[in-house]
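Notes follow the structure.
Bear in mind that the values in this text are calculations on the coordinates, not laboratory data. Computed from a predicted structure; not experimentally measured. Glycine gets a Cβ as well: all are built from the backbone with ideal geometry, and neighbour counts include every protein chain shown.
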Amino acid sequence: MKLSDNKATLSFSNGAPSMELPVYSGTLGPDVIDIRKLYGQTDMFTYDPGFLSTASCQSSITYIDGDKGELLYRGYPIEELAQKKDYLDVCYLILNGELPDAAQKADFDLQVNRHNMVHEQMHFFLRGFRRDAHPMAILTGLVGAMSAFYHDSTDITDPTHRHISAIRLIAKMPTMVAMAYKYTKGQPFIYPRNDLSYAGNFLRMMFATPCEDYEVNPVLERAMDRIFTLHADHEQNASTSTVRLCGSSGTNPFAAIAAGVACLWGPAHGGANEACLHMLEDLQANGGVAKVGEFMEKVKDRNSGVRLMGFGHRVYKNYDPRAKLMQETTKEVLAALGLENDPLFKLAMELERIALEDQYFVDRKLYPNVDFYSGIVQRAIGVPNELFTAIFALARTVGWIAQWNEMISDPEYKIGRPRQLYVGEGVRHIK
Ligand code: CMC
């Protein structure tokens with residue numbers, strides 16, 4: 001970041017001396033006012049619940065322009081990456097800052113492949129869960145447990161350990177998500193196969209059985225790869241900020257990423273794709289397209305507590321670019337599977353059409369986000385609803401680990417410690 005010529009002056013109505021605050025510019029996006037010395041000089045904090053106006057760090061990984069609907073990983077538009085590169089190219093890019101050349105890509109693929117099995121003992125650990133456990137509950141446990149199984153890569157001061165733990169997480173996530181699925185189905189775990197692509201291997205671990213192999217359909221493989229790419233990183237969202245805050249204490253990366261998985265689970269974040277599909281299924285079961293108008297009235301009524309899931313975003317005040325790519329993929333997958341007339345897709349298109357014209361949504365700049373279509377495409381591939389968020393976690397792992405690594409390597413890195421405005425009782429004593 002560079003110091004801007006612009007400066008901010010903070011003045012007070014009570015006659016206290018005003019304070020000059022430095023302003024910094026990044027490569028793109030809004031400038032930031034540096035308030036680090038504010039407390040020391042004024043004895044005051046800033047107040048920003050939900051971080052509506054707070055940049056918590058400097059980062060060179062992902063950039064979002066919410067007004068334009070633009071998403072860049074290391075400067076490359078998401079559309080170009082989704083159309084021209086595969087997910088492991090994107091992982092390499094996010095981790096290292098540049099796209100790999102052919103030799104670097106081959107080496108990276110090999111490293112990921114060589115780490116994709118999990119410690120055999122993890123199977124027994126997983127078997128301790130109830131069969132009806134939610135896959136996100138299992139995944140939070142499994143990722144956290146990685147620090148027990150792979151404690152030889154938990155020295156965060158050692159860049160080699162940080163690299164190995166990053167590769168381990170990226171490589172083992174598909175295996176663990178597929179294991180969580182197989183466990184809840186009561187089917188045997190399927191080991192990874194290194195002659196398949198990252199996405200193809202995941203599909204096979206999900207859908208093959210020891211009695212019948214699974215032939216990877218290239219359209220579904222490409223769709224799964226795109227789902228991974230579109231979810232790979234999204235700057236300082238709730239789960240990434242959780243990973244950074246958790247990791248700022250110096251805990252190991254597996255523990256920090258487990259915290260990210262737990263945060264992602266919530267319906268306002270990664271859980272929205274599951275919530276969105278439930279919403280579409282409910283609406284379909286209760287009248288479908290004919291009832292869209294009635295449903296939208298509920299959505300617009302603040303007292304109903306009903307939200308149009310898959311719509312709205314804290315940062316995007318325009319069409320989420322990932323939603324456009326996901327809609328394209330949904331059409332491709334439905335066509336490849338002969339499901340062009342899928343009623344849920346039709347319902348989603350109708351909801352989108354009405355919402356984009358409705359003044360409530362227009363005024364609030366609410367557009368479809370990535371989760372609006374990702375559930376429909378995953379359902380068509382055969383992924384059950386309750387696994388959607390786990391797949392999001394799988395894909396986001398690279399973003400979390402890159403952001404964690406960036407924080408650990410930053411010379412200005414400090415433990416994260418927000419302050420508060422205390423509004424409880426004043427001092428009182430026990431009588
Ligand atoms: N349906 C109906 N109204 C909405 C919606 C929605 N989906 N989203 C926002 N609003 C309204 C909200 O009621 C408020 O209205 P008013 O000004 O009259 O009070 C206004 O729009 C602003 O909403 P907000 O809750 O203050 O906005 P936020 O930035 O805090 O929340 C959000 C962003 C994503 C949590 C929210 O839009 C939402 O709950 N969307 C549905 C859940 C969803 O799809 N989440 C996935 C996000 S994308 C995936 C990811 O990155 O994790």
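Here are some notes:
- Shown for the chain are the DSSP H helices of 15 Å or more along their axis, judged by Cα atoms, with a mean Kyte-Doolittle hydropathy of at least 0.0: 135-149, 218-230, 253-264, 272-285, 343-357, 371-381, 388-409.
- Quotient of C-alpha Rg and 2.2 N^0.38 Å, computed over the chain: 1.05
- Highest to lowest packing among 53-61, 225-233, scored as the average C-beta count within 10 Å: 225-233, 53-61
- The dipole here belongs to the range 319-419: it is taken about the Cα centre, uses +1 on the Cβ of Lys and Arg and -1 on the Cβ of Asp and Glu, and is about 360 debye.
- Proximal charge balance of residue 166 [Cβ under 12 Å; K/R count +1, D/E count -1]: +2
- Most positive-pole-ward Cα, 177, 311, 427, against dipole of the chain from beta carbon charges: 427
- Estimated FRET transfer efficiency when R0 is 51 angstrom, pair residue 107-residue 289 (beta carbons, to 0.05): 0.50
- Under 5 Å between amide hydrogens, built in the peptide plane, is the criterion, and for residue 4 it picks out 23, 24, 25 among residues at least 5 positions away or on other chains.
- Summing charges over neighbours of residue 115, with a neighbour being any other residue whose Cβ is under 11 Å away from its Cβ, gives +3 when K and R count +1 and D and E count -1.
- Dipole check for the chain: with +1 at the C-beta of Lys and Arg, -1 at the C-beta of Asp and Glu, and the Cα centre as origin, the magnitude is about 1140 Debye.
- Separation of alpha-carbon centers, the range 138-195 and the range 327-387, rounded to whole Å: 31 Å
- Rg and Dmax, both from the Cα atoms of the range 278-348 and both in Å, are 14.0, 42.
- Over 14 Å [Cα-Cα, the range 132-207], rounded percent: 64 percent
- Per-bin percent of Cα-Cα distances, the range 1-105 [5 Å]: 2, 9, 16, 16, 15, 12, 9, 8, 6, 4, 2, 1, 0
- Gyration tensor (Cα) of the range 31-163, equivalent ellipsoid semi-axes in angstrom: 34, 26, 18
- Taking only the C-alpha atoms of the range 345-423, the Rg (one decimal) and the largest Cα-Cα distance, Dmax (whole number), read 19.5, 51 Å.
- Pairs exceeding a 18 Å alpha-carbon distance, out of 85/346; 324/365; 68/317; 291/346; 68/298: 85/346; 68/298.
- Kirkwood Rh and Cα Rg combined as Rg/Rh, the range 106-173: 1.02
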